[in-house]
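A short write-up of the structure that comes next.
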Amino acid sequence: MISFELGETLSGVREMLHYFAQTEVRPITLAADRAHQFPVEFLRKVKEMGISSGALSHASHSSDDEPGRARKAKHTSRLSAVAMEELSWGDASFPLSLPGPGLGGPPVQFMGTPEQKQRFLGAFTRDAEPRFGAYGLTEPGAGSDVAAIRTSCRKDGSHWVLNGTKCFITNGARADWVVIFATVDATQGRNAHRAFVVEKGTPGFRVGKIEKKMGLRASETAELVLEDCRVPAENLLGGEAYYDSKQGFLGAMKTFDTTRPMVAAMAVGIGRAALERATEHARAGGVQGRPTLHSAGLADALARAARHLEVARLLVWRACWMADEGAPNAREASMAKAYAATAGLEATSTAVETMGAAGAAGDSLVEKWFRDIKVFDIFEGTGQIQRVVIAKRLIEGLKGF
Amino acid sequence: MISFAPDDDEKLLAESARSFAQQKLRPRLRAHEEARSLPDELRGEFHALGMVGLDLPEALGFGGVSLLTRALIEEELAAGDPGAAFALDAVGLGGQIAAALDPKPLAAFIEDPQRAMACAASEAGPELRCAAAREGGAWVLRGEKRGVLGAARAQALVVVARVEEGLGAFAVDLEGAGRWGLQIEEDPQPLGLAELPACAVRLDGVRAERLGEGDARPALRAVVLRQAMVGAARAVGCARAAFEVARRYAGERSAFGKPIGHFQSIAFLLADMAMELEGARALVWRGCKKQDEPSVAQAVAQARDAAFFVTANAVQILGGAGFVQDHPVEKWMRDAKAMASYALPATAAQAICSAHQLGSEPTSDDVLCFTAPQSALT
C-alpha cells in the first residue's frame with residue numbers, strides 16, 4: 001500500500017535523534033564550525049550512546065552474502081534516511097563526523113572477504129575510543145571522472161606498492177584505515193582499478209594538508225599522500241580473484257547507490273532547518289498580515305522552497321524504499337541526490353534573504369547552513385554526474401558522453 | 001511504513017485505464033480535438049468499464065475507490081490524452097458537489113452513459129455575480145459564469161451562486177424547461193482541453209433546484225480540494241505523455257552524426273524532466289493520502305509546474321517537429337496550460353501554500369477559486 005507514514009520504529013528513531021540534535025548538537029554547532037571539529041569528548045559520548053556511522057548505515061545491515069540479515073532489517077535504508085535528515089537538521093557536519101567506518105564501510109561490505117570485514121569493521125567496537133574509517137577515491141586530477149585515477153599499485157612479493165595523492169577525503173587524517181582506490185595500469189581504465197584498505201601508520205602513507213572549506217567546516221577533509229607505500233596483500237579488498245571479473249570499479253560505484261540517498265537526506269535536513277528558522281523569523285517579524293509586495297514575495301519564496309524540499313524528501317524516501325525492497329535504484333538515488341541538493345540550496349538561500357542582514361551575520365545559523373549546503377551538489381557525484389547516471393537509464397543506447 | 005507500492009487492485013485498475021487510454025484515446029486524439037467532443041461510443045465504453053465517478057460513494061452506485069486510486073487512474077487516462085481525460089469525467093466537479101450536498105442529480109448517470117454534467121462555479125466578473133433568489137416558491141438564478149467546461153453539450157448543470165447564508169449550489173436540468181433564460185456560448189477556439197470546451201453561461205431567471213441547505217462553503221471547500229487532486233493527477237499524466245514522446249524522439253532523431261539524446265544538453269534536460277515528473281507524482285500521491293489543505297495545495301502547485309516544465313521542454317526537444325501538429329506534444333503543452341486554470345488554479349494553489357507557510361488560514365474565498373483569475377466567488 002502506498003503510504004507516507006513513518007510507522008512506530010521510524011517515528012521513535014526520529015523523535016530520539018531529533019531530541020539529541022536539538023539538545024546536544026545545536027548548542028555546539030557554531031563552536032564546532034569555528035574550531036573545524038567536534039570535541040573528542042563529545043564524540044566519545046556519542047559512541048557510548050551507540051550512535052555511529054555503522055549503526056546508521058544501510059550497508060552495515062545488507063551485504064550480498066548476508067541475505068538473511070538483509071531481510072530481517074528490511075527498512076534499514078528508510079530508517080537511515082530519517083536518521084540522517086534529523087541529525088543534519090542539527091548539524092550536517094555531525095553525521096559526517098560520526099565515529100565508525102563512514103563511507104569506507106560500504107566498499108568493505110560490498111567487496112571485502114569475510115575475514116576482511118571481521119578485521120576492519122570489527123575494529124570499531126573494540127574499545128570506547130571514537131574510531132573512523134574513510135574512503136579515498138578522488139584525486140587532484142580525477143574528480144567526476146573517477147575512472148581517470150592515477151594512484152598506482154604494483155604487486156611486490158607479499159605486498160602492494162602504492163603511489164599517488166588522494167584529496168577531499170572525509171575523516172582522512174583521523175581514520176584508522178582508508179579504502180584507497182588505485183590502478184595497476186592507468187591506460188586500462190576501470191578494469192585496472194584495485195581497492196585497498198590502507199591502515200594508519202603504514203610506511204609511506206601520510207596526511208597532507210587539511211582543507212579549509214566554505215562549509216561543513218566541523219567535518220575533517222584531508223589530503224592523503226602515498227609514497228612507495230607498502231600495503232600487505234591481504235589488504236586488497238576481495239582478494240585478487242575478485243578483480244578477474246570487471247567488478248573493481250563497480251564496487252566503487254555500487255557504494256553510491258546507498259550513500260547518495262543518505263547525502264540527499266542530509267541536504268533535506270539542512271534545508272528544513274533553514275526554512276524553519278526563516279519562517280519563524282518571518283512570522284515573528286510581522287510579515288504575516290502585511291500585504292506589502294515585500295511580504296507577499298517572501299511568503300511565496302518560502303512556500304516554494306518548502307514545496308521543493310517536500311519533493312526532495314519523497315524522492316529520498318522512494319530511493320530508500322527501493323533499496324530496502326532489493327530493487328536496483330541507481331536512477332532514483334541520483335534523482336534524490338540531484339533534486340535535494342538544489343532544493344536545499346533554494347531553502348537556505350531563501351532563508352538568508354528572508355532574514356536579511358540577520359541572516360548573513362556570522363552568529364546566525366542560516367549563514368552557516370547556506371555555506372554548508374553547496375557541497376551537496378558537488379560531493380558523492382556532482383549534480384551533473386547525477387544527470388549522467390539518470391540520462392543513461394532514460395535514453396536508448398546512451399553509454400556515456 | 002513508507003511505501004511507494006500500489007495495491008494489487010490499484011494496479012489492476014490502473015492497467016485497464018492504461019490500455020484504454022493507449023488504445024482508444026491516444027490514436028484518435030486529433031480527431032477528438034477537432035470534433036471538440038468524444039464520440040458517444042467511446043464514452044459508452046468508458047462507462048461500461050465502470051470508471052465514471054469512480055471515487056463517488058458506492059452507496060450512490062459509483063465505484064467508491066479512494067482518492068489515491070482515482071489519481072492513479074486519472075494519470076493513466078491523461079497519459080493517453082489529457083483533454084480526453086477531462087471529457088470522460090461525465091460528472092466532474094458538479095458531481096462531486098452533488099455527492100457532498102444532495103446526490104439526487106447523480107442518479108441518472110448510473111444508467112445513461114451519454115449524460116454529462118457541467119459545473120458553473122466561477123464568476124464572469126464582479127459586476128456579473130451570480131445570485132439565487134426565491135421567486136414564487138422556486139429558486140431562480142441570475143448572473144454570468146465563465147470557464148464552464150463542457151456546458152454546451154451537457155444535460156445537467158450545477159451552479160454555485162450567492163445566497164443569503166453565503167454560497168449555495170443549485171442543479172439546473174438542461175434538457176427540460178430549465179433551459180428557459182439560459183444562454184450557453186461555447187468557446188470555438190479554446191487554448192486547450194478542446195474535447196471539453198469552456199463555455200460562457202448567462203443565467204437570466206433560470207429555475208433551479210437547490211442542493212443542500214445553509215452555507216455550502218465548508219462542503220465546497222472539501223470538494224474543491226478533492227477535485228484539485230484529480231486535476232493534479234491529470235497534470236502528471238499530461239507531463240508523462242509528453243516526456244515519453246520526447247524521450248523516444250531524442251533516441252531516434254540524429255543530428256551531427258548521433259542521436260540528439262546523446263548530447264548532454266538534451267540528455268540533462270530529459271533527466272530534469274524525469275525528476276520533475278516523478279517528484280510531482282510523489283507529491284500528488286501524498287496529497288491524495290493526506291488530503292489536508294497544505295498538502296493538496298503543494299501537490300497541485302508542483303504538478304502544474306511540472307506539467308508546464310515538461311510539456312514545454314518536450315516541444316523544445318522535438319524542435320520544429322514539436323511545434324507542428326504532426327506530433328502531439330504541442331497539444332499537451334496547450335492542455336497543460338489550460339488545465340492549470342481549473343479547480344485550484346496554479347496561482348491559487350501557490351497562494352494557499354504561502355498563507356499556510358506563514359501560519360495564516362486561507363479564507364474560503366482563497367480556496368473556492370474554481371478558475372483563474374476570478375479568485376473568489378463572493
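The values are calculated or read from the model by the stated rules, or taken from the named source; none is laboratory data. This is a predicted model, so every value here is computed, not measured. Here the Cβ is made from the backbone with ideal geometry for all residues, glycine too, and neighbour counts use every protein chain on show. Just so you know, the surface numbers come from the protein's heavy atoms only, side chains and all, with ligands and any DNA or RNA stripped out. Shrake-Rupley method; radii C 1.70, N 1.55, O 1.52, S 1.80 Å.
Below are the figures for this structure:
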| item | result |
| --- | --- |
| Partners for A:LYS155 among lysines (Cα-Cα distance below 30 Å; same-chain residues under 8 apart left out) | A:LYS117, A:LYS166, A:LYS200, A:LYS209, A:LYS246, A:LYS254 |
| Portion, in percent, of the accessible area of the protein assembly as shown that falls on carbon or sulfur, probe 1.4 Å | 53 percent |
| Cα long-axis angle, helix B:92-101 against chain B (0 to 90 degrees, to the nearest 10) | 40 degrees |
| Viscosity 1.567 mPa s, 4 °C: Kirkwood-radius Stokes-Einstein D of segment A:133-244 over Cα pairs, µm²/s | 92 µm²/s |
| Average accessible surface area per residue within chain B, 1.4 Å rolling probe, Å² | 37 Å² |
| Placed amide H near B:LEU167: partners under 5 Å, 5+ positions off or other chain | B:ALA216, B:ARG217 |
| Test item: B:345-355 mean partner chain Cβ contacts at 10 Å | 3 |
| Average Cα contact separation per residue, segment B:164-242, under 8 Å, 6 or more apart, as relative contact order % | 37 percent |
| Chain B - percent relative contact order, Cα under 8 Å, separation 6 or more | 16 percent |
| Qualifying trypsin sites (Lys or Arg not before Pro) in segment A:206-242, DSSP loop, other Cβ atoms within 10 Å at most 14 | A:LYS212 |
| Derived scalar couplings ³J(HN,Hα) [segment B:145-154; Karplus, 6.51 cos²θ - 1.76 cosθ + 1.60; whole Hz; x for Gly, Pro] | 10, 10, x, 8, 5, x, 5, 5, 10, 8 |
| Sites A:ALA31 and B:ALA255, calculated FRET efficiency, Cβ-Cβ separation with R0 45 Å, nearest 0.05 | 0.20 |
| Rounded to 5, the percent of DSSP beta bridges in chain A classed as antiparallel | 80 percent |
| Calculated [θ] (222 nm, deg cm²/dmol) that DSSP helices of n ≥ 4 give over chain A, each run adding -39,500 (n - 2.57) | -15000 deg cm²/dmol |
| Distance from segment B:334-349 to segment A:163-236 (C-alpha centre basis), Å | 54 Å |
| At least 40 Å² accessible surface lost relative to isolated chain, residues of segment A:370-401 (1.4 Å probe) | A:ARG387, A:LEU394, A:ILE395, A:PHE401 |
| Segment B:204-302: proportion of alpha-carbon pairs further apart than 18 angstrom, % | 61 percent |
| Estimated FRET transfer efficiency when R0 is 56 angstrom, pair A:ASN191-A:THR23 (beta carbons, to 0.05) | 0.65 |
| Inter-label distance, nm, simple model (7 Å from Cα along the C-beta direction), B:ASP292/B:LEU12 | 3.4 nm |
| Those residues of segment B:1-27 for which accessible area with every protein chain present is at least 30 Å² below the isolated value (1.4 Å probe) | B:MET1, B:ILE2, B:SER3, B:PHE4, B:ALA5, B:ASP7 |
| Intensity falloff of segment B:70-146 expressed as log10 I(q)/I(0), Debye formula with alpha-carbon point scatterers, at q = 0.11, 0.12, 0.13, 0.20 Å⁻¹ | -0.42, -0.50, -0.57, -1.05 |
| q = 0.09, 0.10 Å⁻¹, the protein assembly as shown: log10 I(q)/I(0) [Debye, one scatterer per Cα] | -0.87, -1.02 |
| Mean separation of Cα contacts under 8 Å, 6 or more apart, over the residue count of segment B:249-327: relative contact order % | 24 percent |
| Label-point separation, A:GLU115 to B:THR347 (7 Å along Cα→Cβ), nm | 7.3 nm |
| Highest-first arrangement of A:78-86, B:24-32, where packing means the average Cβ count within 10 Å | A:78-86, B:24-32 |
| Segment A:248-396 pair-distance distribution - Cα-Cα, 5 Å bins, rounded % | 2, 11, 18, 19, 16, 12, 9, 7, 4, 2, 1, 0, 0 |
| Buried accessible area, chains B and A (both chains, 1.4 Å probe, Å² to nearest 100) | 4300 Å² |
| Two-decimal Rg/Rh across segment B:30-171, once Rg and the Kirkwood Rh are taken from alpha-carbon atoms | 0.99 |
| Fraction of the pair-distance distribution of chain A above 32 Å, Cα-Cα pairs, percent | 34 percent |
| Proximal lysines to B:LYS24, defined as alpha-carbon separation beneath 28 angstrom and excluding residues fewer than eight positions away on the same chain | B:LYS11, B:LYS331, B:LYS337 |
| Principal-axis tilt of helix A:383-392 within chain A, Cα atoms, nearest 10 degrees | 70 degrees |
| Relative packing of B:286-298, A:114-126, which averages over residues the other C-beta atoms within 10 Å, highest first | B:286-298, A:114-126 |
| Per-residue HN-Hα couplings for segment A:336-341 [Karplus 6.51, -1.76, 1.60; θ = phi - 60°; Hz; x = Gly/Pro] | 4, 5, 5, 5, 5, 4 |
| Debye intensity ratio I(q)/I(0), log10, chain B, q values 0.08, 0.14 Å⁻¹ (C-alpha model) | -0.39, -1.17 |
| FRET efficiency estimate (nearest 0.05) - Cβ-Cβ, B:ALA48 to B:ASP326, R0 35 angstrom | 0.60 |
| Percent antiparallel among DSSP beta bridges (both partners in the protein assembly as shown, rounded to 5) | 85 percent |
| Degrees, to the nearest 10: B:67-80 long Cα axis against longest axis of chain B | 60 degrees |
| Selected from B:GLN264, B:GLN227, B:GLN183 as most flexible by GNM, with chain B as the system and alpha-carbon contacts under 10 Å | B:GLN264 |
